[in-house]
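What follows is a short report on a single structure.
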Amino acid sequence: LSNNVGKKVVVVQGLGFVGAVMSLVCANALTEEYAVIGIDLANKSAFWKIKSINDGVFPLIADDPKISEFFDNAKVKGNFLATYDPVAFQYADVIIVDINLDVHKESNEKGGLIAYNVNLDGFKAAIQSIGRNCRDDALVLVETTVPPGTCEQVVKPIIEEELVKRALTLKNYRLGHSYERVMPGPHYIDSIREFPRVYAGISEISADAVEEFLKTIIDISKCEL
């Protein structure tokens with residue numbers, strides 16, 4: 001832990017197939033040395049991932065050899081750990097939201113779409129956990145693929161309500177969205193690090209903060225524009 005003194009802290013919320021690998025990418029950032037904390041729920045489906053990471057075994061099987069390489073690097077540097085305790089958000093300079101959000105579809109006999117529904121209850125609870133614990137100057141970057149307007153109409157009000165409850169300012173936090181660009185397979189890491197990103201913020205300041213962060217983990221020299 002002493003190796004991480006002075007490093008900016010990145011907390012990745014969600015240790016699924018996207019969040020776990022995104023954590024590795026941040027732990028092996030190109031132009032910054034981050035201390036990375038992965039956080040997930042303390043339930044049967046997630047707790048084993050937390051324990052596995054902290055025991056030095058990456059919890060997901062993938063074809064990309066860089067995943068093992070990046071995890072080994074993180075173990076040597078000691079800059080990646082996992083937890084279920086939302087107190088981790090208190091230390092975060094950057095919080096990345098990579099939780100799963102399912103679209104429930106109803107189809108007819110021929111496979112045509114009849115109706116769909118997106119249950120945001122779990123997502124809202126996750127954002128509330130951030131707002132209850134985060135610093136008032138944190139950057140919150142949503143990577144989860146969400147319906148249009150979610151950051152403005154769902155995430156922003158929840159974060160601000162929780163900050164106000166703690167008598168904190170609303171002037172300094174930044175909020176943006178950049179949907180995950182991942183292609184599982186032998187080039188999984190490269191699909192995160194070497195592909196262009198679309199991003200946006202709730203303000204110009206937020207958008208600039210998202211861009212500044214993404215440039216530390218994405219090799220823009222290899223992005224085909």
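The values are calculated or read from the model by the stated rules, or taken from the named source; none is laboratory data. Note that the coordinates shown come from a computational prediction; the quantities given were computed from them, not determined experimentally. Note: ideal-geometry Cβ built from the backbone for every residue, glycine included; neighbour counts use all protein chains shown. With ligands, DNA and RNA removed, areas are computed over all heavy atoms of the protein, side chains included. Shrake-Rupley method; radii C 1.70, N 1.55, O 1.52, S 1.80 Å.
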For this session: Give the residues of the range 1-27 whose amide nitrogen is closer than 14 Å to a point set 7 Å from the Cα of V76 in the direction of its Cβ.
Result: none
For this session: Could you tell me what percent of the accessible area of the chain is made up of carbon and sulfur, with a 1.4 Å probe and every protein chain present?
Result: 53 percent
Exercise. Zone of A200 (label point 7 Å along Cα→Cβ, backbone N under 11 Å): which residues in the range 166-193?
Worked result: 177-179
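Express the relative contact order of the chain as a whole percentage, based on alpha carbon pairs under 8 Å and six or more residues apart in sequence.
Details: 411 pairs, mean separation 46.1, N = 225.
It comes to 20 percent, rounded to a whole number.
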Seminar exercise, completed: To the nearest Å², the heavy-atom accessible area per residue of the chain with 1.4 Å probe amounts to 52 Å²
For this session: Please state the charge dipole magnitude for the range 104-187, taken about the Cα centre, from unit charges on C-beta atoms (+1 on K and R, -1 on D and E), reported in debye and rounded to the nearest 20.
Result: 180 debye
Exercise. If you plug each phi of the range 137-143 into the Karplus form 6.51 cos²θ - 1.76 cosθ + 1.60 with θ = phi - 60°, what whole-Hz ³J(HN,Hα) values come out, in order, with x for Gly and Pro?
Worked result: 10, 7, 9, 9, 10, 8, 9
Seminar exercise, completed: Residue by residue through the range 86-91, the couplings from Karplus 6.51 cos²θ - 1.76 cosθ + 1.60 with θ = phi - 60°, in Hz, x for Gly and Pro, are x, 4, 4, 4, 5, 9
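I need the shape label for the range 145-225. Rule: rounded when a/c is under 1.5, else prolate if a/b > b/c, else oblate, with a, b, c from the alpha carbon gyration tensor. Working shown, then result.
Details: a/c = 2.74, a/b = 2.06, b/c = 1.33.
Verdict is prolate for the range 145-225.
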Seminar exercise, completed: In order over the range 214-221: 3J(HN,Hα) from phi, Karplus 6.51/-1.76/1.60, θ = phi - 60°, whole Hz, x for each Gly or Pro, gives 4, 5, 7, 10, 10, 7, 5, 5
For this session: Rounding to the nearest 20 debye, state how big the charge dipole of the range 158-210 is about its Cα centre with +1 on each Lys and Arg Cβ and -1 on each Asp and Glu Cβ.
Result: 120 debye
Problem set entry | Net charge of neighbours whose Cβ lies under 15 Å from the Cβ of A200, counting Lys and Arg as +1 and Asp and Glu as -1 | -3
Exercise. With contacts defined as alpha carbon pairs under 8 Å and 6 or more residues apart, what's the relative contact order of the range 146-202 in percent?
Worked result: 35 percent
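Can you tell me the relative contact order of the range 1-61? Whole percent, Cα pairs under 8 Å, sequence separation 6 or more.
Reported as a whole number, the value is 31 percent.
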Seminar exercise, completed: Taking Lys and Arg as +1 and Asp and Glu as -1, residues besides L101 with C-beta under 12 Å from its C-beta add up to -4
For this session: Please list, in chain and number order, the residues 5+ apart from A82 or on another chain whose amide H is under 5 Å from its amide H, with Hs placed from the backbone.
Result: G38, N54
For this session: Divide by every residue of the chain the summed helix terms, -39500 (n - 2.57) for each DSSP H run of at least 4, and state the resulting mean residue ellipticity at 222 nm, rounded to the nearest 500 deg cm²/dmol.
Result: -10500 deg cm²/dmol
Exercise. How many nm separate the modelled label positions at A42 and S68, each set 7 Å beyond the Cα in the direction of the Cβ?
Worked result: 3.4 nm
For this session: Identify which of L15, L81, L30 has the largest mean-square fluctuation in a Gaussian network model of the chain, with springs joining Cα atoms closer than 10 Å.
Result: L30
Exercise. With charges set only on the Cβ (+1 for Lys and Arg, -1 for Asp and Glu), what does the dipole of the range 2-141 come to about its Cα centre, in debye to the nearest 20?
Worked result: 220 debye
